[in-house]
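This report concerns only the one structure given below.
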Amino acid sequence: MFTRDADYVTFLGQHYKGREAIAAAYARLFAKLLRGSRLHTEITGLRFLTPSVALIRANAAVTKRGRQRNRRGVRVNTSVAVRTGEGWLLAASQNTTHRHLADQLMQKLAGSSSSSRHG
């Protein structure tokens, strides 16, 4: 899934360099904290920068056994994929926690600042 020299940044800001380091981090995470969970992904954007390089935007959520997905656990993922001899692989990927409360606050601030500028 990742190139040998890939960069991966978690939603907590941790940086992993290289396929082996990324795989080891995922293995530890899914062996303990996320054991029995499922990863749900939805690609929300795909743009080819060149015929061999693509920018991918996706939403992802992990659910534990027997639980429903909720919007609090959604991560926004941005990745750069490259076409290689092994197929399409991720050269860089970053997850960001989507904060709905922050969205609401920013919309409110944007609305009040635009009305004060025009008022």
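Brief remarks follow.
- Difference of contour (0.36 nm per residue) and Cα-Cα distance, Asp103 to Ile43: 19.6 nm
- For the peptides 36-45, 79-88, the ranking by packing is 79-88, 36-45, with the highest mean count of neighbouring Cβ atoms within 10 Å listed first.
- Reach of Lys32 by Cα under 30 Å, taken over lysines that are not fewer than 8 positions away in the same chain: Lys17, Lys64
Just so you know, all these numbers are worked out from the coordinates, no wet-lab data involved. Quick caveat: nothing in here was measured; it's all calculated off a predicted structure. So basically every Cβ, Gly included, is an ideal-geometry build from the backbone, and we count neighbours across all protein chains shown.
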